[in-house]
Amino acid sequence: MSKRCLFCALPVIVLFAFATQGHGSGLLPKREHQVTIWAQSAEPEPSFLLIFSTKPLLDSRDRLRTMIKTTDLLRLEASVECVPIRVYGKRATKRGQYDYYFGPGKDADMPWNNGEDFRWQDWENFSPDAWDCLAITTPPSKKRSDRASCEIHNVLIKRNGQLLYDSRARASRPRQMPIDVSFAPTAVQSRGFAHPVLNLAEHMVQFRNDYYELRGNPILTRVFVDLGQSGFRKYVGPKAADDCQWCSEFVAHVFRQCGLTAPSPEKGKLGYGAIKKFCQRNGAVYPAREVASWPDEKKKRLIPPGSYISVVGNTGLTHSLLFMDWIEEPGKPITQYTAVSGNRRKMVWMDWALKLPDEDKLEKLDPAKIADLDNRAIFGVPKQAFALAAAGRAETRHAKHLPNKRKSRSDDKTASKEKTSKPSDDKLASRRASSRRHKSSAPDPSRQAEQALRMAEMLFYAGKANAAKKRFERIVAKYPDTPWAEKSKGYLEDQE
């Protein structure tokens, strides 16, 4: 099949061997799919090459690629796992802001949607994970005017209306904690026979963890890689229909990806009942009505992030979700939580605020309906969820993130001069005082109690009840005035 090259005017042969079988990853027509670039460009209508891929773009040494040769760009072709798309011919909507949309809505008549370079319907033929990573550069061109200066300052990425990355974000959700997911301004115009690349793979990973407050939790981290994804085929069995309900299959898929022995859809459709039985065999199940009656401390102690939730909608149907966190309001008991699920509005979707059952409203129901609700509206907690949550917290606490800002040459020279210059007397005095403070500072009891509790929790949910009990008792005796001692008392009460 002959097709015009995405990067230049030369005709090339592109064999779409993968186009015979859809991957179920197409863009939902009524949702917004966009890449917005804030750049300082010498051209009124800059041209960018967007490289969507399932894995980070790496060089020959397996490092993030920050430069690519013109010859390599010319050989780059669309494949199942890599989708290079050239966007061009648009002026800034605001100063320095260039919006590029995909799908039948905005920009439907542009070459990357209408079939001149690419048809938006062809997203169906690529991997459902094609939006996991994005790299941006400029397409090769023989025209000198196309090599004009262009420096990118910010990028926003949305798929099916879900936010995958925004370098301008300064606070997480919902707690509004300060974050920094920006990158250093990057010039992407060609330099001779090479093109600088703004590789956003690591920044997108950091954004998901920080913006959505995942705290390194392996279950939630695995879920949010697929945020906004409508390609459900990888979650369901081979015989599943196109209109199947796949929320339970999504939960089971995530559990299996994290090493849990969750049921597989290979033998047939899964429902909430299969996930419920799995949680009963491998942990605990609590009716949502019972959880709503618990004190806040017990809610936070017994329902870790990554737990299973089944809710009953207004239509009487159940929907499967994965628990993220409780929503706490000062002076009020916990009644709401955040969660994420598959097959919500036909995609992987995050709910920012879901409510626990209201006991006052349930009093009006007859006993049979309340019993049915207690059977279907549940929280399921696999015992591995506690260990995974604890491991995620520890990994986040000790992780050494790469710096967001790349230093310029002038910064390096300044740092070199400061390093070789003799420190002043004031600086020396400050260093000595700081050293004395560090040497004389005693270990923080609260910090030690927290670490001891995490280890006790891991033993408890690994089935080593006696060893865990000794550690809980030790925490109560050694750190009696800490909140971790109170939590340990709760565990000891549950064991009696």
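Report, by residue number, each residue of region 95-106 that is under 17 Å from Ile152 (Cβ atoms) and under 29 Å from the mean Cα position of the chain (by Cα). Give the derivation first.
Residues of region 95-106 that are under 17 Å from Ile152 (Cβ atoms), as a first pass: 95-100.
Listed by number, the residues that qualify are Gly96, Gln97, Tyr98, Asp99, Tyr100.
Against the definition (at pLDDT 50 or above, within 19 Å of Ser127 (Cα to Cα) and either surrounded by 13 or more Cβ atoms within 10 Å (Cβ to Cβ) or not small (Gly, Ala, Ser) (or both)), how does Leu15 come out, yes or no?
On the way: at pLDDT 50 or above: no; within 19 Å of Ser127 (Cα to Cα): yes; either surrounded by 13 or more Cβ atoms within 10 Å (Cβ to Cβ) or not small (Gly, Ala, Ser) (or both): yes.
Considered against the rule, which asks whether it is at pLDDT 50 or above, within 19 Å of Ser127 (Cα to Cα) and either surrounded by 13 or more Cβ atoms within 10 Å (Cβ to Cβ) or not small (Gly, Ala, Ser) (or both), Leu15 comes out as no.
Hey, could you check region 18-41 for residues that are modelled with pLDDT of 90 or more and in a loop (DSSP other than H, G, I, E, B) and say which is farthest from Arg168 (Cα to Cα)?
First pass over region 18-41, keeping only residues modelled with pLDDT of 90 or more: 31-41.
Narrowing the set further to residues that are in a loop (DSSP other than H, G, I, E, B) leaves 31-33.
Working: Arg31: 22, Glu32: 19, His33: 18 Å.
So the residue we want is Arg31.
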> Could you say which residue among Gly89, Gly96 is surrounded by fewer than 21 Cβ atoms within 10 Å (Cβ to Cβ), over 24 Å from Ser230 (Cα atoms) and touching a His at 6+ places or on another chain (Cβ under 8 Å)?
Replying inline: Gly96
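Give Ile68, Ile152 a once-over and let me know the one that is in contact with a Ser or Thr (Cβ under 6 Å, 6 or more places away or on another chain) and over 24 Å from Asp226 (Cα atoms).
Ile152
Going through region 25-45 one residue at a time, which ones are touching a Leu at 6+ places or on another chain (Cβ under 9 Å) and buried (at least 21 other Cβ atoms within 10 Å of the Cβ)? First the steps, then the outcome.
We begin by selecting, within region 25-45, every residue touching a Leu at 6+ places or on another chain (Cβ under 9 Å); these are 33-38.
Selection gives His33, Val35, Ile37.
Could we say that Pro196 is out of contact with any helix residue (DSSP H, G or I) (no Cβ under 6 Å at 6 or more places or on another chain) and more than 17 Å from Asp129 (Cβ to Cβ) here?
On the way: out of contact with any helix residue (DSSP H, G or I) (no Cβ under 6 Å at 6 or more places or on another chain): yes; more than 17 Å from Asp129 (Cβ to Cβ): yes.
Yes; evaluated as a whole, the condition is true for this residue.
The values are calculated or read from the model by the stated rules, or taken from the named source; none is laboratory data. Keep in mind that what you see is a predicted model, and the values were worked out from it rather than measured. Cβ coordinates were reconstructed from backbone atoms using ideal geometry, including for glycine residues, and neighbour counts include every protein chain displayed.
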